[in-house]
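Asks: Right, I'll just put the structure down here and ask away after.
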Amino acid sequence: RHRVLVTSFPKSGTYLIVETLKQLGYYWTGMHLFDVGYTDYSNATLDEARSDPTRLRRDDDLSVSVKRIGPGSFAVGHLGCKESVLNQTEGFKRLFLHRELRTCLISWMRFYSNTKRLAVEDESWFSVTEPREQLVAFLKTRGEFLVENRFRPMVGWKYYPGTFVVKFDDLVDSAGRAPQVIEKMARFLDVPLANSSEVIQKSLSADTITRSPALTRLEEFWSSEAETWFVNQNGPDINRRLGYQVDLSKIPGIESLKRRQAS
């Protein structure tokens with residue numbers, strides 16, 4: 001009976017939650033919301049949705065878009081926790097998804113590289129073949145914008161009263177924590193639930209817009225140079241506020257970097 005907003009870190013399970021909510025009986029409007037405008041995926045094929053979202057862009061303000069979300073339906077987006085969004089979604093059930101920031105950035109690069117969205121083939125990082133070097137080039141090209149405009153404004157959702165908060169790592173742990181997350185989500189949304197394990201298994205097996213063939217492995221892409229960039233962007237502060245502590249011991253050159261930082 002509720003109107004639902006999913007607001008999430010990019011690459012933290014946005015479309016996995018879409019499938020989960022559908023399994024719980026909610027209707028997806030197809031809308032991926034922005035402050036101004038939205039992407040309308042309702043009639044798009046997966047190929048269209050992955051490679052050419054600009055063709056699906058609509059210009060309505062958020063205050064207009066949310067009126068299309070009726071009881072029993074939902075929309076998604078990467079909306080910041082700010083007064084305008086809070087006012088326009090008052091009365092909604094709000095879900096916030098987050099993920100460790102380093103892996104979010106890597107996963108975003110992988111997604112853009114695979115889909116070639118927004119003409120990224122013309123950007124300098126795209127043609128770099130060594131994974132760690134490519135990531136550093138990507139961070140220097142797009143990273144600051146992403147951190148300041150997509151990630152940092154969303155952290156407040158974790159602390160906003162009444163928000164249902166989901167960690168990506170819990171959601172993909174199908175044999176462990178995920179069924180418990182689904183059970184709590186169903187109670188939050190006041191919907192009956194017969195089998196939480198079946199819901200998460202069907203959701204994980206669905207072919208979604210942003211699905212990757214494998215989970216991101218930090219040690220394959222991260223480096224001491226990437227960590228220097230990350231620290232300069234105050235990335236550890238975002239992680240700390242979300243409760244993440246990451247073991248970087250497998251990252252090449254990280255120990256010597258720590259010694260330099262300490263001195």
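The values are calculated or read from the model by the stated rules, or taken from the named source; none is laboratory data. If you're wondering where the values come from, they're calculated on a predicted model, not measured in any experiment. All Cβ positions, glycine included, derive from the backbone under ideal geometry; neighbour counts span all protein chains shown. Side chains are part of the model used for accessible areas, which takes the heavy atoms of the whole protein and leaves out ligands, DNA and RNA. Shrake-Rupley method; radii C 1.70, N 1.55, O 1.52, S 1.80 Å.
Asks: Taking the condition open to solvent by 20 Å² or more (accessible area, probe 1.4 Å), farther than 25 Å from Y41 by Cβ, part of a helix (DSSP H, G or I) and not aliphatic (A, V, I, L, M), does N87 pass?
Replies: Numbers: open to solvent by 20 Å² or more (accessible area, probe 1.4 Å): yes; farther than 25 Å from Y41 by Cβ: yes; part of a helix (DSSP H, G or I): yes; not aliphatic (A, V, I, L, M): yes.
For N87, the condition - open to solvent by 20 Å² or more (accessible area, probe 1.4 Å), farther than 25 Å from Y41 by Cβ, part of a helix (DSSP H, G or I) and not aliphatic (A, V, I, L, M) - is met.
Condition check ((1) farther than 16 Å from I17 by Cβ; (2) over 16 Å from the mean Cα position of the chain (by Cα)) across all residues:
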| position | (1), (2) |
| --- | --- |
| L171 | no, no |
| S205 | no, yes |
| E219 | yes, yes |
| E255 | yes, yes |
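Asks: Then there is this: Has the range 239-261 got any residue that is out of contact with any Ser or Thr (no Cβ under 9 Å at 6 or more places or on another chain), without any contact (Cβ under 8 Å) to a residue 60 or more places away in the chain, surrounded by 12 or more Cβ atoms within 10 Å (Cβ to Cβ) and acidic (D, E)?
Replies: For the range 239-261, residues out of contact with any Ser or Thr (no Cβ under 9 Å at 6 or more places or on another chain), without any contact (Cβ under 8 Å) to a residue 60 or more places away in the chain, surrounded by 12 or more Cβ atoms within 10 Å (Cβ to Cβ) and acidic (D, E): absent.
Asks: Quick check on my filter: what residues within the range 164-188 are part of a loop (DSSP other than H, G, I, E, B), surrounded by 13 or more Cβ atoms within 10 Å (Cβ to Cβ) and not basic (K, R)? Outline the logic, then answer.
Replies: First, pick out the residues of the range 164-188 that are part of a loop (DSSP other than H, G, I, E, B): 172-177.
Next, only the ones that are surrounded by 13 or more Cβ atoms within 10 Å (Cβ to Cβ) stay: 172-174, 177.
The answer is V172, D173, S174.
Asks: Hey, which of the helices (runs of 4 or more DSSP H) in the range 189-248, taking only ones fully inside, have at least 2 residues that are touching a Pro at 6+ places or on another chain (Cβ under 8 Å)?
Replies: In the range 189-248, 196-205, 218-221, 224-232 are the helices (runs of 4 or more DSSP H) which contain 2 or more residues that are touching a Pro at 6+ places or on another chain (Cβ under 8 Å).
Asks: Output the number of residues of the range 126-163 satisfying the condition of being modelled with pLDDT of 95 or more, of a type in the set (F, W, Y) and outside any helix (DSSP H, G or I).
Replies: 1
Asks: Let me ask you something else. Can you name the residue in the range 42-60 that is surrounded by fewer than 17 Cβ atoms within 10 Å (Cβ to Cβ) and small (G, A, S) and, of all such residues, is nearest to R110 (Cα to Cα)?
Replies: Step by step, filter the range 42-60, then rank; the result is S51.
Asks: Do any residues in the range 219-237 that are at positive phi have Cβ atoms under 7 Å from those of residues that are at pLDDT 95 or above, where the two are at least six apart or on different chains, and which pairs are they?
Replies: Cβ pairs passing all conditions: none.
Asks: In addition: Within the range 61-71, is there a residue that is outside any helix (DSSP H, G or I), surrounded by 18 or more Cβ atoms within 10 Å (Cβ to Cβ) and more than 20 Å from the chain's Cα centre (by Cα)?
Replies: yes
Asks: Now, a different point. Suppose the filter is more than 23 Å from P252 (Cβ to Cβ) and open to solvent by 30 Å² or more (accessible area, probe 1.4 Å); does E123 pass it?
Replies: Against the criterion (more than 23 Å from P252 (Cβ to Cβ) and open to solvent by 30 Å² or more (accessible area, probe 1.4 Å)), E123 qualifies.
Asks: Given F138, F164, F96, which one is in contact with a helix residue (DSSP H, G or I) (Cβ under 8 Å, 6 or more places away or on another chain) and closer than 19 Å to W222 by Cα?
Replies: From the options F138, F164, F96, the qualifying one is F138.
Asks: Moving on. Report every pair of residues separated by at least 6 positions or lying on different chains whose Cβ atoms are under 6 Å apart, first residue within the range 97-125 and in contact (Cβ under 8 Å) with a residue 12 or more places away in the chain, second among the basic types (K, R) and open to solvent by 20 Å² or more (accessible area, probe 1.4 Å).
Replies: C104/K11; S107/K11; W108/K11; T115/R50
Asks: Which of the residues spanning the range 45-60 are part of a helix (DSSP H, G or I) and either at positive phi or not small (G, A, S) (or both)?
Replies: L46, D47, E48, R50, P53, T54, R55, L56
Asks: Among the numbered conditions (1) open to solvent by 60 Å² or more (accessible area, probe 1.4 Å); (2) in contact (Cβ under 8 Å) with a residue 60 or more places away in the chain; (3) polar (S, T, N, Q), tell me where T7 comes up short.
Replies: For T7, the exception is condition (1).
Asks: For S223, indicate whether it is over 30 Å from D47 (Cβ atoms) and in contact with a helix residue (DSSP H, G or I) (Cβ under 7 Å, 6 or more places away or on another chain).
Replies: Spelling it out, S223 is indeed over 30 Å from D47 (Cβ atoms) and in contact with a helix residue (DSSP H, G or I) (Cβ under 7 Å, 6 or more places away or on another chain).
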